[in-house]
1. Under the rule of at least 5 residues apart or a separate chain, name every residue whose amide H is placed under 5 Å from the amide H of B:Trp126.
2. Neighbour counts of other C-beta atoms within 10 Å: give me A:Trp182, A:Trp43 arranged from fewest to most.
3. State to the nearest 20 debye the size of the charge dipole of chain A about its Cα centre, where the only charges are +1 on K and R beta carbons and -1 on D and E beta carbons.
4. With viscosity set to 1.002 mPa s at 20 °C, what whole-number translational diffusion coefficient in µm²/s follows for the protein assembly as shown from Stokes-Einstein and a Kirkwood radius over Cα pairs?
5. For a quick check: with amide H placed at 1.01 Å from N, whose amide H comes under 5 Å from B:Tyr73's, ignoring anything fewer than 5 positions away on the same chain?
6. How much net charge surrounds B:Asp338 when only the other residues with a Cβ under 15 Å from the Cβ of B:Asp338 are counted, with Lys and Arg +1 and Asp and Glu -1?
7. Could you work out the relative contact order of chain A? I mean the mean sequence separation of Cα pairs under 8 Å and 6+ apart, divided by the number of residues, in percent.
8. Can you list the residues, at least 5 places off or on another chain, whose amide H is less than 5 Å from the amide H of B:Tyr258, using H built in the peptide plane?
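None of the figures in this text is laboratory data; all of them are computed from the coordinates on show. The structure presented is a predicted model; accordingly, all values stated were derived computationally and were not measured. Here the Cβ is made from the backbone with ideal geometry for all residues, glycine too, and neighbour counts use every protein chain on show.
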Amino acid sequence: MSSQVLRRIIAISLPVLLLLAGLVLVLSQTSRPLLLLRVLVPWAEVGALAIVMTAIILTGGIDLSVGSSAALSGVVLGSLYQEAGWPIGLSVFGAIVAGTGAGALNGGLVVAGLSPLVATLATMAFFRGLAMIISDTQRVTGFPESFCELSRLGGVSNQFWLLGVVAVSGLVVVHATIFGRWCFAVGDNRTAARFAAVPDRRVDFALYTVSGLVASLVAIAACMQHDTAVPDAFRGVELQVIACVVVGGTLITGGRGGVLQTLVGLGVVALLDIGLNLLSSRVAFLTAESRLVTTGLLLIGLAVWNERLQKE
Amino acid sequence: MRNSSLAILSAVLFTAILAGCDGETPEPGETVPDGRSSMTIGVMPKLVGIGYFDATQKGAEEAAKELGITLIYDGPTEARSEDQIRMINTWLTQGVDVLAVAPNDPEAVSKTLKEARELGSDVITWDTDANAKLSERTAFVNQADNDELGRALVQLMVDGVKGRGELLEGDYLIVSGTATASNQNTWIEIMHKVIAEKHPEMNMLQHLTPGEDQQKAYEQTTEALGANLKLKGIWGITSVALPAAAKACRDGSRKEVYVTGLSLPDLMREYVKDGSVDRFLLWDAVDLGYLTVHVAHALSKAKLESGKRDFGRLKGVEVRDGEVLLGPPLIFDEDNIDEYHF
């Protein structure tokens, strides 16, 4: 077995082993395991965003504004329906346009030469502020019954369907298309990629726009489920998303990683969080504060481990 | 060579983690009661990490010990309903018999509370209510009658300003908590009503909502003090808002502003001792936690009928159409503040 392949296997083995350990931990603490599906719904939202984030990080970029774009889309949905009185279908369309537009703004800024970190840091605040202004910091409730009923299709929450569709698309695009190869190339060495006629700017623009689009879909699914749109929603979600990508083994500097790894990372981060929450009722040491510390330490450890393993 | 040592290291780590996990799961037959042999009550405050909800935790734990039930007392680190919803769903997987929640936003949580009921847990609210119809919560453990509390807050200010020999006319400010919490909003409504009826010369400014954040409350109050040089009085109506307002007035040397409201004796002791604050009110927060657990437990036996009844060491508690009232508010001042420790 070549050292490359062995390295790959070891690199993914730790997250997978932790995933299994996490599963054992969580299942041992629940007396009603089927209800875990309810707990996993917000994690499906994180997962959908993480798949797109993987592609972005592969190019060496980052999108810190996903939470804010989602909140903005949700608020646009609520405002169009309640304030402007648009029919719900049109309001949903408006929300998608808002999210995609937000993503396009990110894409435009990055293509114009701004570092993705700086650009999305700024838009993170900008979109959140817009959401607060549009909604007048009020929540919107009272979406139509027909809309909320759609939150479960075929007995499964929409968020899971969304994750499924995004995961499959992501797997195909990133690992089986030229576009995917372009992402890896750009992340590995942008200048070399340019010389190889890779349209790196178009790749960037497309990725950030899609990130905004998926954020808007996540927001719509959440509105369907909770019957509420708040400007404060999805705060902090970008960090969870990035944690999933990094724990999975995608290098933050780009050029290495993949969608499958992110899915494993999602499992680890989700189970870690759920497991610690479940344990906290049995183990006195696990107060809310110490849970934060424990999660942080474990994630740092994993990220460092992955970086060291993946470096040549 | 390096690759195989990495493989061994991974295997060792894996075993260590598994071993660590197993070590924390109680074996069957251990003294920790599991959800099957006794009742499990989940009590969730608006957030954890502030003195008020530490006090309610003490009371809840006291009642849990008395009744011999398993208590899960936990909440999000920030006062956000998104986090509360996640935590509620996590608890449901552990099988709670009764869920007692202090919702940050009465609307956002109500759907989840209703679903919890459908999944077999009984639901009550405490400290602040949810949307009663939407959530179908069985009872609301309220610290005091909202009307009584609102009037008492107004009276404290009126007595305080008049007691200094001043006229009531002037600008007044309320510093609240989160913009959506229904308990604060109800009190603000009542205060406005009482003032409009009985003391219309008091001009009420737009209230502040710095969230359950003492630092933010301090900053916003300081700003407001700077913008309103003729402020006569400030109410701080959350446990963190009042000490923040007192500090802001003290630091800004605004002795002419009369500061009162509600907060914990432990948080207010220094301000009462140095004269920044005269009197303020609260209720026994420890008793509120105690009562919440007792009400949750009582519900498992029978429906709560309106009238007066005893809950553990709290006698003669009034139950009114699904609302359980802890009792009249407690007024703290220089003379009695050292008797209380929460």
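1. When sequence neighbours closer than 5 places are left aside, the close amide H contacts are B:Val101, B:Ala102, B:Val141.
2. Numbers: A:Trp182 20, A:Trp43 23.
With the fewest neighbours first, A:Trp182, A:Trp43 line up as A:Trp182, A:Trp43.
3. Values: 18 positive and 16 negative charges, 166 e Å.
With only Lys, Arg, Asp and Glu charged at Cβ, the dipole is about 800 debye.
4. This corresponds to a translational diffusion coefficient of 80 µm²/s.
5. Residues meeting the criterion, in which the H sits 1.01 Å from N, are B:Val43.
6. Working: positive: B:Arg269, B:Lys273, B:Arg279; negative: B:Asp266, B:Glu270, B:Asp274, B:Asp333, B:Glu334, B:Asp335, B:Glu339.
Once positives and negatives cancel, what remains is -4.
7. Working: 508 pairs, mean separation 104.1, N = 312.
It rounds to 33 percent for chain A.
8. Those lying under 5 Å, H to H, from B:Tyr258 are B:Gly233, B:Ile234.
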